[in-house]
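The values are calculated or read from the model by the stated rules, or taken from the named source; none is laboratory data. Since the structure is predicted, the reported quantities are computational estimates derived from the model, not experimental observations. Please note: Cβ atoms are built from the backbone with ideal geometry, for glycine as well, and neighbour counts cover all protein chains shown. Ligands, DNA and RNA are stripped out before the accessible areas are found, and what is left, the full protein with its side chains, is counted by its heavy atoms. Shrake-Rupley method; radii C 1.70, N 1.55, O 1.52, S 1.80 Å.
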Amino acid sequence: MINVADYFSILEKAPYLFDKIQEKVFLKTEIDIVYSDIKNWERFDLLSECDESDKGNWNKISYSEYVWIKIVEQLKDFGSSNEEILLLKNHLVSKFKVKDYILLFDKVKNTIGEKDFEVYSQLYNDLNEVDSNQNLNFNILDILIVNIIYTSEQLSLFIRKDDSYYFLPFSETMLQEYSNSGIRSLVDDFLNFPFYNIPISSYVSKFLSNKNDVKYNSFTMILTEQESKLLKIIRKNFQKIKQLKVKYKTGNIELIEVTTIKKVALESRIINHIKKSDYKKITIDIANGNIVNFEDTEKIKL
């Protein structure tokens with residue numbers, strides 16, 4: 001978790017925040033995204049490139065990578081093709097050289113004039129002090145995530161449906177800046193086209209905490225301990241599960257009922273299954289006088 005109070009409106013801590021959001025902290029199997037979908041997207045190269053120097057954490061993802069996976073998930077729900085997502089990936093999460101970012105910021109400055117976003121101005125000044133051919137270890141999405149944490153604002157990414165090359169970060173402050181800089185017409189032109197609205201700040205809020213009560217008012221873990229246990233139960237027996245019931249009490253998981261279908265060759269093995277748990281409900285199927293399988297319902301209290 002990242003504590004918002006450690007970084008909110010503290011400009012000098014912005015560089016450290018870039019390092020923080022790239023820490024490998026989440027197991028791919030324990031986030032709120034179907035693991036088989038993640039593996040499938042990896043096969044099509046839709047997810048972030050693997051860092052060769054960090055092979056020991058191949059099954060972990062960073063805060064930033066989590067946000068990108070959520071964006072891919074949302075775009076897939078919208079019906080975007082792999083090609084459209086790859087195009088966006090190349091501009092949003094690919095890492096560039098210092099000179100590429102300076103060129104990008106120069107274009108932005110030429111477009112919006114002298115009035116700049118504070119966090120971007122600081123970044124621009126820092127970039128001009130290092131080797132222009134140096135590879136940077138952050139991308140455009142990282143900049144947006146840092147902006148969300150630093151400003152404590154809601155931020156969405158608008159992506160053109162007809163061309164994912166065109167995207168527009170959008171927040172209350174950004175809208176004011178667009179208006180103050182005289183480029184509101186460019187924003188209006190963008191909004192004349194159909195676009196997807198990706199709520200990036202919603203994804204970021206899932207790994208934020210707030211000890212000092214700044215603007216954010218509620219944050220959640222990506223998976224609670226109970227949800228993690230439920231996920232492990234499902235993954236352990238997913239090929240045999242016929243039915244799963246989850247009972248809640250005061251907003252928390254109280255009881256899980258798991259019904260599995262099992263095949264047995266000998267009647268005596270049923271006794272072994274009965275002895276394994278305090279509570280079981282067993283339904284036996286018989287064909288031609290022989291037991292062919294049985295349904296085993298087990299109650300698990302969390």
Which ones in segment 139-171 are in contact with a Lys or Arg (Cβ under 7 Å, 6 or more places away or on another chain) and open to solvent by less than 30 Å² (accessible area, probe 1.4 Å)? ASN139, SER152
Can you report the number of residues in segment 162-196 which are over 29 Å from the mean Cα position of the chain (by Cα), at pLDDT below 75 and among the charged types (D, E, K, R)? 1
Out of curiosity, is VAL25 among the β-branched types (Val, Ile, Thr), under 30 Å from SER132 (Cβ atoms) and modelled with pLDDT of 85 or more? no
Look through segment 30-58, keep the residues that are polar (S, T, N, Q) and modelled with pLDDT of 85 or more, and return whichever of them is surrounded by the most Cβ atoms within 10 Å (Cβ to Cβ). ASN40
Taking segment 92-104 and the residues there that are surrounded by fewer than 17 Cβ atoms within 10 Å (Cβ to Cβ) and out of contact with any strand residue (DSSP E or B) (no Cβ under 9 Å at 6 or more places or on another chain), the one that is modelled with the lowest pLDDT would be LEU104
